[in-house]
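Have a look at the structure below before the remarks.
The values are calculated or read from the model by the stated rules, or taken from the named source; none is laboratory data. These numbers come from a predicted model, not from an experiment. Reconstructed Cβ throughout: ideal geometry from the backbone, glycine too, with neighbour counts over all protein chains shown. Just the protein is used for accessible areas: all its heavy atoms, side chains included, with ligands, DNA and RNA removed. Shrake-Rupley method; radii C 1.70, N 1.55, O 1.52, S 1.80 Å.
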Amino acid sequence: MNRRQRNATIFALLAAVLYALNSPLSKLLLGQVSPTTMAALLYLGAGLGLAITGGVRRLAGIKSTRRPLNRSDTPYIIGMVVLDIAAPVLLMTGLTLTTAANAALLNNFEIVATSLIALCLFGEKISWRLWLAIGLVTVSSVILSFEDMSSLSFSAGSLLVLLACVCWGFENNCTRKLSDADPLTIVVIKGFCSGGGALAVAFARGETLPRLLPLCGALALGFVAYGLSIYFYIHAQRDLGAAKTSAYYAAAPFVGAALSLIIFRQLPDAAYLAALVIMIAGSCLATADTAIQSEQEISA
């Protein structure tokens, strides 16, 4: 492994760790910030932080090698923004009703949603490995979604987290259509448009801005867990490629779950541990499938 690849590996792992901060720290802030407002501030923090990063990049004379956005991208930009408004609102609301550890693991359902949407709407093929991974992640999500397996009491919070994953699954497919454009521009649009839209929804629901300290905390978390995470992810992709970067980034939900258990001092029960093992198996299969597909495309 050369120096550039080693640095890229560090960037990929850093991106995963930074995103893993989202569920546990958002759970802490939700005691002082309303759910929809929290979702808005997270994206606004990402947009503001990346806009500053872009300004610094321009001052340094660094120009993007990617194409600018054009009119044909408009439908995908609108879809991306609308879905990025809905998804974090659902996630933050779900976090108020379920544990941060559950929510962190359930984020892996995004793999299922993204793959099935790509199959149904865009005709992408799904291998047997990915079908098996989808099945395992779905089984794990079902286990995590029931508060009491003996009485099959369903968790509304888990359902909202799963719906957030479905929204992000659609959003991932919209963003895929923009993948050859400047990624920094895309993240800034995501941040300001989605954050502004979510804030308008929050005000319409009667929510108000929190006090200065939690407001700054939410903006800072958004910059780190959303903005910087994506920024480092993009840097890692340049030298590792999409498959290897995804393999490292797949650690994020498990790091988030571990942090949640530590921060909130919650001992996992047998159902959670069973779901964790199944989720790890499903994530490993999905990552392996991505790597194999990438190698086949390169060899072709």
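In debye, nearest 20: dipole of segment 36-111 around its Cα centre with unit charges on the Cβ of K, R (+) and D, E (-)? All intermediate terms of the calculation are to be shown ahead of the outcome.
Details: 6 positive and 3 negative charges, 109 e Å.
Around 520 debye, computed over segment 36-111.
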Where Cα atoms sit under 28 Å apart: lysine pairs in the chain separated by 8 or more or lying on different chains: 9
Most mobile of D180, D73, D269 per a Gaussian network model of the chain (Cα springs, under 10 Å)? D269
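Kyte-Doolittle mean at least -1.0 and Cα extent at least 27 Å along the axis: which DSSP H helices of the chain qualify? Before the final figure, lay out each step's value.
Values: long enough: 35-59 (36 Å, 0.98); 74-95 (32 Å, 1.75); 156-176 (30 Å, 0.92); 270-299 (44 Å, 0.98).
Length and hydropathy pass: 35-59, 74-95, 156-176, 270-299.
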R205 accessible area, assembled protein chains, probe 1.4 Å, Å²: 140
Cα-based shape type of segment 102-147, given that a ≥ b ≥ c are square roots of the gyration tensor eigenvalues and the cut on a/c is 1.5: prolate
Can you figure out the FRET efficiency of W128 with D180, using R₀ = 22 Å and their beta-carbon distance, to the nearest 0.05? 0.15
Please name which of L213, V56, N7 has its Cα lying farthest along the dipole of the chain towards the positive end, using unit charges on Cβ (Lys, Arg +1; Asp, Glu -1) and the Cα centre as origin. V56
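Charges at C-beta only: +1 for Lys and Arg, -1 for Asp and Glu. How large is the resulting dipole of the chain about its Cα centre, in Debye rounded to 20?
On the way: 20 positive and 15 negative charges, 208 e Å.
Rounded to the nearest 20 debye, it is 1000 debye.
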Roughly how many Å² is the accessible area per residue of the chain, as a whole number, for a 1.4 Å probe? 48
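Keeping all protein chains in place and using 1.4 angstrom, which order do V139, V33 fall into by accessible surface area, from largest down?
I get V139, V33, largest accessible area first.
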Mind telling me which of G94, G31, G47 comes out most flexible in a GNM of the chain, alpha-carbon contacts under 10 Å? G31
Give me the percent relative contact order of the chain, please, defined on Cα pairs under 8 angstrom at least 6 residues apart. 42
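Net charge near R57: determine it from the other residues with C-beta under 11 Å of the C-beta of R57, scoring Lys and Arg +1 and Asp and Glu -1. List each step's numbers first, then the result.
Numbers: positive: R58, K63; negative: D182.
Taking every other residue near R57 into account, the sum is +1.
How much mean residue ellipticity at 222 nm does the chain get from its helices, if each DSSP H run of length 4 or more adds -39500 (n - 2.57) and you divide by all residues, to the nearest 500 deg cm²/dmol? Don't skip to the answer; put the middle values down first.
On the way: 14 runs with 223 residues, N = 300.
Calculated at 222 nm, the ellipticity per residue is -24500 deg cm²/dmol.
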Of I78, G45, P68, which is farthest along the charge dipole of segment 1-90 in the positive direction, counting Lys and Arg as +1 and Asp and Glu as -1 at C-beta? P68
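Considering only protein heavy atoms and a probe of 1.4 Å, how much of the accessible area of the chain is carbon and sulfur, as a whole percent? Intermediate results must be reported in sequence, preceding the final value.
On the way: 9750 of 14390 Å².
So the carbon and sulfur contribution to the accessible surface is 68 percent.
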Taking the chain as a Gaussian network, where each spring joins two C-alpha atoms under 10 Å apart, which residue of L184, L213, L162 fluctuates the most? L213
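Please work out whether segment 1-131 counts as rounded, prolate or oblate from its C-alpha gyration tensor, where a ≥ b ≥ c are the square roots of the eigenvalues and a/c under 1.5 means rounded, while otherwise a/b larger than b/c means prolate and anything else oblate? Please report the intermediate quantities before stating the final value.
On the way: a/c = 1.32, a/b = 1.12, b/c = 1.18.
Rounded shape, in that the Cα axes give a/c under 1.5.
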Can you give the accessible area of C284, probe radius 1.4 Å, in Å² rounded to 10? 80
